[in-house]
Amino acid sequence: MTAPTARAASAAAAGLRTAEHAGVVVATLDRPPANALNRPLLRALAALFRDHAASDPPPVVMTGAGERFFCAGGDLKELDGAAAAELDGRMREFHDLLVAMERYPAPVIAAVNGDCVGGGMECALFADAVLAVPHARFGFPEIRHGLLPAEKGIHRLIRLVGTRPARDLLLGGELVGAGHAARSGLVDTIVEPGRLRAQALDRAREAGRRAPVLYAALKHAVNDYDDLTDRRDAETTLVKAASYFDDPVARSLRDGWWQGRAGTPGRLHESER
């Protein structure tokens, strides 16, 4: 077995494991206990998509380690006691990751092995297909935690599910089950846990057999991205972050989460299973 490259070793240290499976890159978020996104992991993920996009990009399957979490969103503990500038840098890097995923010219498949929350949910929104296990939960609990999703993620959610369902998810802050997520258009296929990775790899290989130039062109047309909109979304995200970071009510919600809600990102309504 060859030694890992310096970049792979750095990514692994940040909580991102990568492996190639017959032409498909599997990117596994591996930051126990909840695979939360801190700044090193955000940078490692964005670099993975940018680097592979530069030459003969392979299909990518994105998943989480363990059975409980795909990704519980941003690592809020990283902001404990931090200045507003820390949130500014973090939101810039998260926006950059979403841009890199949206513009990745080859297939991206999200294999959601558990809770897919906040920033993890936004990553899944920018996958070309989402496969999820039956026990996975989805949602945006930021309103309960004193934060906001990225502007780019909000816009993608509205495009995928419509204004009213998006409003319910964002303003309610509750998590919904995989069945509800599938009916809403957030999930393409529900897969039993033992088959999730194999089916995600099959889906990625099947999509990867399409003519790359045609796949990339159609993906660009469907995602309908441009530099001006991305810059506007980034700036709007930062303006909003500056407005709420030091707000006393928002700060008290974050403090409450740090003190007693770690690892429990939200509640699941029985009616939303």
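The values are calculated or read from the model by the stated rules, or taken from the named source; none is laboratory data. Keep in mind the model is a prediction, meaning the values are calculated, not measured. Every residue, glycine among them, receives a Cβ derived from its backbone with ideal geometry; neighbour counts consider all protein chains shown. Ligands, DNA and RNA are stripped out before the accessible areas are found, and what is left, the full protein with its side chains, is counted by its heavy atoms. Shrake-Rupley method; radii C 1.70, N 1.55, O 1.52, S 1.80 Å.
Summary of computed values
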{"quantity": "Hey, Met91 modelled with pLDDT under 95 and under 24 Å from Leu16 (Cα atoms) or not", "calculated": "yes"}
{"quantity": "Subset of region 73-120 (residues that are hydrophobic (A, V, I, L, M, F, W, C) and assigned to a helix (DSSP H, G or I))", "calculated": "Leu76, Leu79, Ala84, Ala85, Leu87, Met91, Phe94, Leu97, Leu98, Val99, Ala100, Met101"}
{"quantity": "Residue within region 72-80 that is within 25 Å of Asn223 (Cβ to Cβ) and in contact with a helix residue (DSSP H, G or I) (Cβ under 6 Å, 6 or more places away or on another chain) present", "calculated": "yes"}
{"quantity": "Matching option when the condition is of a type in the set (Asp, Glu) and under 20 Å from Ala221 (Cβ atoms), among Asp96, Asp115, Asp88, Asp128", "calculated": "Asp128"}
{"quantity": "Selected residue (only one of Thr63, Thr28, Thr18 is part of a strand (DSSP E or B), out of contact with any helix residue (DSSP H, G or I) (no Cβ under 9 Å at 6 or more places or on another chain) and of a type in the set (S, T, N, Q))", "calculated": "Thr28"}
{"quantity": "Entirely in region 152-216, the helices (runs of 4 or more DSSP H) that have 3 or more residues that are open to solvent by 60 Å² or more (accessible area, probe 1.4 Å) and either farther than 18 Å from Cys116 by Cβ or at pLDDT below 95 (or both)", "calculated": "163-172, 196-208"}
{"quantity": "Any hit, region 42-49, residues being touching a Gly at 6+ places or on another chain (Cβ under 9 Å), within 30 Å of Asp227 (Cβ to Cβ), free of Cβ contacts under 8 Å to residues at least 40 places away in the same chain and open to solvent by 10 Å² or more (accessible area, probe 1.4 Å)", "calculated": "yes"}
